[in-house]
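The values are calculated or read from the model by the stated rules, or taken from the named source; none is laboratory data. The model shown is predicted, which means the values in this text are computed figures rather than measured ones. Cβ coordinates were reconstructed from backbone atoms using ideal geometry, including for glycine residues, and neighbour counts include every protein chain displayed.
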């Protein structure tokens with residue numbers, strides 16, 4: 001297995017692990033809303049495997065891992081991104097059909113992944129750097145909603161729905177590239193086996 005293929009697999013695995021951590025912890029927050037809600041939240045204080053604070057840490061650090069791995073992924077594949085941008089521009093301006101049907105589908109899925117990732121990452125960074133310290137407090141807490149570009153509720157909606165788009169597009173990406181994933185994963189782990197010495 002070439003070093004380039006091994007490096008691509010490791011980076012893709014880091015993106016995948018960050019995504020899995022963020023997805024499962026995000027589902028936790030969707031299913032178990034936070035806040036006491038004046039005693040109306042029957043699931044307040046419910047612990048599922050970890051405390052709410054631990055789930056929050058998993059979500060944040062899974063997202064940070066994913067952002068860092070995607071930055072490395074884009075840096076390594078930047079030549080491909082530029083090539084696809086040139087080909088796409090040529091196809092749009094000259095009406096050339098330079099993409100096969102499969103390439104068009106892959107490009108559309110990649111574009112959805114990019115849009116979903118940017119929306120999720122930017123809104124996630126908003127929540128990371130503009131935390132609502134002290135909770136809502138019946139609207140008395142000025143730090144609850146700093147109002148940077150959007151309201152906190154709109155940032156939350158952007159984060160949630162961008163993540164939904166990202167998850168669906170990433171699942172399609174996974175299906176499209178399944179043969180490569182299975183083949184390289186098998187070769188990666190086989191290459192870790194100690195070589196048997198000739199007798």
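So residue 66 fits all but one of (1) part of a helix (DSSP H, G or I); (2) over 27 Å from residue 21 (Cβ atoms); what number is the exception?
Of everything listed in (1) part of a helix (DSSP H, G or I); (2) over 27 Å from residue 21 (Cβ atoms), residue 66 misses just condition (2).
Looking only at the range 180-199, count how many residues are surrounded by fewer than 13 Cβ atoms within 10 Å (Cβ to Cβ) and without any contact (Cβ under 8 Å) to a residue 24 or more places away in the chain. Spell out how you get there, then give the answer.
Initial filter on the range 180-199 (surrounded by fewer than 13 Cβ atoms within 10 Å (Cβ to Cβ)): 182-183, 186, 189-199.
Narrowing the set further to residues that are without any contact (Cβ under 8 Å) to a residue 24 or more places away in the chain leaves 182-183, 186, 189-190, 192-199.
Qualifying residue count, the range 180-199: 13.
Being modelled with pLDDT of 75 or more, within 18 Å of residue 171 (Cα to Cα) and surrounded by fewer than 17 Cβ atoms within 10 Å (Cβ to Cβ), is that true of even one residue in the range 46-66?
no
Please report, ordered by residue number, the helices (runs of 4 or more DSSP H) entirely within the range 73-179 with at least 2 residues that are modelled with pLDDT of 90 or more and surrounded by 15 or more Cβ atoms within 10 Å (Cβ to Cβ).
Numbers: elements: 78-94, 101-129, 152-176.
By residue number, 101-129, 152-176.
Could you check, for the range 12-34, whether at least one of its residues is at pLDDT 85 or above, within 24 Å of residue 186 (Cβ to Cβ) and in a loop (DSSP other than H, G, I, E, B)?
No, there is no match, as no residue in the range 12-34 is at pLDDT 85 or above, within 24 Å of residue 186 (Cβ to Cβ) and in a loop (DSSP other than H, G, I, E, B).
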